[in-house]
Amino acid sequence: MTRRVRYEVAMSLDGYIAGPKGEFDWIPEDPDIDFGALLGSFDTLVMGRKTWEVARQHGGAGMPGMAAYVISRTLGPADCPDATVSDDPAAVVGQLKAAPGKDIWLFGGGVLFRNMLELGLVDGVEVAVVPIVLGGGIPFLPGPAPATRLRLESHVVYPKSGIVKLGYAVARSGA
């Protein structure tokens, strides 16, 4: 099976993946969400510079057992000792998809999501819609962005937290 790039993210009901100051403390823990299974479906993280910097501020930029790739025009290898740095997402994703492994987590970062969507590099979009209205923050998909058709593959409602998880495949031409 071919590795897929999946944008797996929590989002407020009004479309933000982080608050106005980059905070994510509004995302509740739900005991019914199987984070072990989620994490077990990936072996690679791809993130942008801003996500890398936020992750470092919170004690770590990667996840145990996962290779980390940072897409940045401004950072170099010395800035990200625990990751591979590149300014070419198409080359990185091409190499990763050609290698054996689990799926690739497009981790955080609406700008990188937009850029990779424009390049046709995203295979799936999985959004955990959190029942909160933030009123501002970092958008799920900053504009301008390409119109992209999605095909619903899964949906789960978590009654304890009110989170609704929606899983979509990116519809390719002719699909």
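Tell me the relative contact order for the chain as a rounded percent, counting alpha carbon contacts under 8 Å between residues six or more apart.
On the way: 322 pairs, mean separation 59.5, N = 175.
Answer for the chain is 34 percent.
Could you sort 5-13, 105-113, 93-101 so that the peptide with the highest average Cβ count within 10 Å comes first and the rest follow in order? Don't skip to the answer; put the middle values down first.
Working: 5-13: 20.6, 105-113: 25.0, 93-101: 13.8.
The densest-packed peptide leads the list: 105-113, 5-13, 93-101.
Using r as the Cβ-Cβ distance of V133 and A171, and R0 as 22 Å, what FRET efficiency do you calculate, to the nearest 0.05?
Rounded to the nearest 0.05, the efficiency is 0.15.
Defining a contact as two alpha carbons under 8 Å apart and six or more residues distant in sequence, what relative contact order in percent does segment 132-175 show? Write down the numbers at each step before the final one.
Working: 36 pairs, mean separation 14.7, N = 44.
Dividing the mean separation by the residue count of segment 132-175 yields 33 percent.
Between (1) 1, 7, 10, 9, 7, 6, 6, 6, 6, 6, 6, 5, 5, 4, 3, 2, 2, 1, 1, 1, 1, 1, 1, 1, 0, 0, 0, 0; (2) 1, 8, 16, 19, 18, 14, 9, 7, 5, 2, 1, 0; (3) 1, 8, 16, 21, 22, 18, 9, 3, 0, which matches P(r) over Cα pairs in 5 Å bins from 0, in percent calculated for the structure shown?
Read-out from the structure maps to (3).
Mind checking which aspartates and glutamates have their C-alpha under 20 Å from K21, skipping anything on the same chain fewer than 8 residues away?
Here the aspartates and glutamates satisfying the reach criterion relative to K21 are E53.
Any idea how far apart T2 and E153 come out in nm if each label point goes 7 Å out from Cα toward Cβ?
Result: 1.2 nm between the two label points.
Top to bottom by accessible area (1.4 Å), largest first, where do R3, R151 land?
Details: R3 15, R151 110 Å².
Ranked list, largest accessible area first: R151, R3.
Could you work out how far apart the two model spin labels at E23 and K160 are, taking each label as a point 7 Å from the Cα in the direction of the beta carbon, and quote it in nm?
2.4
Using amide H atoms built in the peptide plane, which far-off residues or other-chain residues are under 5 Å from I104 H to H?
Amide H neighbours of I104: R4, V5, R6.
State the percentage of accessible surface on segment 56-175 attributable to carbon and sulfur atoms; use a 1.4 Å probe and exclude ligands, DNA and RNA.
Numbers: 3720 of 6690 Å².
Ligands and nucleic acids excluded, carbon and sulfur reach 56 percent.
With each run of n ≥ 4 DSSP H residues scored as -39500 (n - 2.57), what mean residue ellipticity at 222 nm is computed for the chain after dividing by its residue count and rounding to the nearest 500 deg cm²/dmol? Could you put the intermediate results ahead of the total?
Details: 4 runs with 34 residues, N = 175.
Helix contribution divided over all residues of the chain: -5500 deg cm²/dmol.
Could you do me a favour and compute the accessible area per residue for the chain, 1.4 Å probe, result in Å²?
Values: 9540 Å² over 175 residues.
About 55 Å² of surface per residue is accessible.
The values are calculated or read from the model by the stated rules, or taken from the named source; none is laboratory data. No experiment lies behind these values; they were computed from the predicted model shown. Quick reminder, even Gly has a Cβ in these numbers, built from the backbone with ideal geometry, and neighbours come from all protein chains shown. Just so you know, the surface numbers come from the protein's heavy atoms only, side chains and all, with ligands and any DNA or RNA stripped out. Shrake-Rupley method; radii C 1.70, N 1.55, O 1.52, S 1.80 Å.
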